[in-house]
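Taken together, the values in this text are just the output of simple stated rules run on the coordinates, not laboratory data. Computed from a prediction, not measured in an experiment: that's the story for all the values here. Every residue, glycine as well, gets a Cβ built from its backbone with ideal geometry; the counts of neighbours run over all protein chains shown.
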Amino acid sequence: MTESDTRTTHFGFKDVPEGEKAGMVHGVFTRVANKYDIMNDVMSVGIHRLWKDAMMDWLAPRPGQKLLDVAGGTGDIAFRFLKRAPGAEATVLDMTESMLIEGQKRAEAENMAERLSWVVGDAMSLPFANNSFDVYTISFGIRNVTRIPDALSEAFRVLKPGGRLMVLEFSQLPNPAMQWAYDKYSFNVIPVMGQIVANDRESYQYLVESIRKFPDQETFAAMIRKAGFSQVKYRNLTMGVAALHSGWKI
C-alpha cells in the first residue's frame, strides 16, 4: 500500500483516497470534453471570455516568449496568447487526451499549428526540463489537481528565472450575502443546466463543489509564495467570482 492510498483528499465534497482523485477528475473531463467550451459558458454565464481577456491584459504576452498552459484543455489561453505575441510558442498540457483532441479540431489550432504543441501530462509531474518556459498559465484547472503545492512547485521548476506564473480560477466572494446568493445559484442551477446541455448532471455537480473547496484568495496567494514565487498579487474578477493570481520566479 502506497502513501497515496492512505492519504485522502477531496473530490468535490467527498473524501477519496489521494491516489484515486486524478482518475476521477479524468473521468469528469473525458465525459464533458466535447461540451467543454459550452460548459464554461454555463458555469460563468459567458463571462469566462472576458476573464481570459483580462488575464491576457495583465500577462501582456511578448514576442518570442514560450508559454506552458497547464490543464489547457481546448486551447483557449494558448490561442489568446499567440494572437498577442508574434513569434511566440505555446505548449498546451492536459491529462485528458480527449480535451486536447477537441482543441486540435478548432480553427485556431490549424492556423497556429507551427507554434503549438499538445502534450498529455500531469501538472504534478511535468515532462519538461528545468528553466524551459517564460510563462506558465493554468486556467480553471488548479482546483482539480490532487496536490496543489506539488503543481506550484513544478510550475516554479520549469519556469526560467524571470518567468511568470498566472492562475485564473473560480474563487470566493468577500461579501457573505453575495456568496450565499452565488452558492444558491451554483448548486440549484448549474447542475440542472449541465443535465440539459451535456446530459451530465454529476460532472457539473462535482465542478460546483470543487469551486467551494478551493482556497480563498489570500490563502492561495500564500501557497504561491511558499512555492518560491515573488511579487505575488491577485485581482478579483466579477467581485471575486473568479480571481487572477500572478507570481514571478526571481
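State all residues of the range 70-94 that are of a type in the set (Val, Ile, Thr) and either surrounded by fewer than 24 Cβ atoms within 10 Å (Cβ to Cβ) or farther than 12 Å from Leu168 by Cβ (or both); if no residue qualifies, say none.
Passing the criteria: Thr74, Thr91, Val92.
Sort out which residues of the range 225-239 are surrounded by 20 or more Cβ atoms within 10 Å (Cβ to Cβ) and either small (Gly, Ala, Ser) or more than 17 Å from Leu59 (Cα to Cα) (or both), and write them in order of number.
Result: Ala227, single match.
Hey, which of the helices (runs of 4 or more DSSP H) in the range 32-126, taking only ones fully inside, have at least 1 residues that are touching a residue at least 12 places away in the same chain (Cβ under 8 Å) and closer than 24 Å to Tyr204 by Cβ?
36-44, 48-59, 76-84, 97-104
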